[in-house]
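Participant: Would you mind keeping the following structure in view while I ask a few things?
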Amino acid sequence: MSNVRRRHREAWTAILMITPFLAVFTIFFLYPTLKVVLLSFTDAPLIGDGQWVGLANYAKLLGDRLFYTSLWNNLYFVLLTVAPTTVIALLIALAVSKLRGRFQALVLTLFFLPYVLPVSVVTMIWAWMLDFQFGILQPVIAAVTGKAVPVFKNPYWVMPMIAVVTIWWTNGFNVLLMIAGLRNIPPDLYEAAALDGATPWQRFWRVTWPLLWPVTALVLTLQLILQLKLFDQVYLLSNGGPFNQSYVVLMQMYREAFQLNNGGYASAIAMVLFLIIVILSVLQFQLLRIGGRK
């Protein structure tokens, strides 16, 4: 078979292999995304076409106080979760990596188990545990504050507690990523460091941390994207209250689209959130890459 015929055959094989992915990507991501972009410039209801209004939806968004409140709550939630989640995942991964055999697999399974639970089950478990009258964690809260607190109805407690629920729920996946990163570090480096008399802290700081940094940067970026898309936990635990203290951007988009029938305005909110996520993710990833090189 000539080289030309072999290359043509390989090219057709490659095209056939990627065609299903391209079809799914076009139907379920690219077309809806383009549709949302167009809808954001119209006054369309949830279903059906609307009139072209240009940048009116975006101008309205600039004066929408609820949008600023929602955006601030999203950023506050990012501060409460992204870095703490990464640090906790790293500490758990370091501890689990010291274990061996079936005991390590058992402990790892226990940490990963919450991640496979649906959000409705997770929120129900925590709603029961933190119930104001019967919650088994209320005595702990009372020991700290001196009294029981309805945490999901308190403006100061609601976002931190939703952050706790989210960290408990999602951290198993981050632990797996960290353990995979730790297992890729050559054991020879630790043996050489030990022969040179390095302390455990020096081995971590000089060997583990630099080689684990790419995985850490990946976890931080994934967490940033995930937490900016916060919706389920807030909707089920507090419904955005009290006094909009847990109201987030996706809740406002849901309200405009499905409750107020403002599909065009909801699309504008979605586009702004999309741009914020893209800009922050790229900036964070580039900063983390620069930090890793140093």
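Participant: Are any of the residues in segment 147-164 under 18 Å from residue 219 (Cα atoms) and open to solvent by less than 60 Å² (accessible area, probe 1.4 Å)?
Facilitator: Initial filter on segment 147-164 (under 18 Å from residue 219 (Cα atoms)): 163-164.
Checking which are open to solvent by less than 60 Å² (accessible area, probe 1.4 Å) leaves us with 163.
Looking through segment 147-164, at least one residue is under 18 Å from residue 219 (Cα atoms) and open to solvent by less than 60 Å² (accessible area, probe 1.4 Å).
Participant: Tell me, which residue of segment 242-294 that is open to solvent by 80 Å² or more (accessible area, probe 1.4 Å), in contact (Cβ under 8 Å) with a residue 60 or more places away in the chain and more than 21 Å from the chain's Cα centre (by Cα) is farthest from residue 78 (Cα to Cα)?
Facilitator: Residue satisfying both the conditions and the ranking: 261.
Participant: For a quick check of your reading of the model, give me the residue pairs whose first member lies in segment 82-96 and is free of Cβ contacts under 8 Å to residues at least 60 places away in the same chain, whose second is open to solvent by less than 30 Å² (accessible area, probe 1.4 Å), with beta-carbon atoms closer than 9 Å and at least 6 apart or on different chains.
Facilitator: 95/107
Per-residue answers, yes or no, for (1) closer than 23 Å to residue 251 by Cα; (2) at pLDDT below 90:
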residue	(1), (2)
2	no, yes
39	yes, no
42	yes, no
46	yes, yes
57	yes, no
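Participant: Filter segment 189-221 for residues that are open to solvent by 70 Å² or more (accessible area, probe 1.4 Å), of a type in the set (A, V, I, L, M) and without any contact (Cβ under 8 Å) to a residue 12 or more places away in the chain and give the result.
Facilitator: 195 - this is the single residue of segment 189-221 that is open to solvent by 70 Å² or more (accessible area, probe 1.4 Å), of a type in the set (A, V, I, L, M) and without any contact (Cβ under 8 Å) to a residue 12 or more places away in the chain.
The values are calculated or read from the model by the stated rules, or taken from the named source; none is laboratory data. All figures in this text were calculated on a predicted structure; none of them were measured in a lab. Every residue, glycine as well, gets a Cβ built from its backbone with ideal geometry; the counts of neighbours run over all protein chains shown. The accessibility values were calculated without ligands, DNA or RNA, using every heavy atom of the protein model including side chains. Shrake-Rupley method; radii C 1.70, N 1.55, O 1.52, S 1.80 Å.
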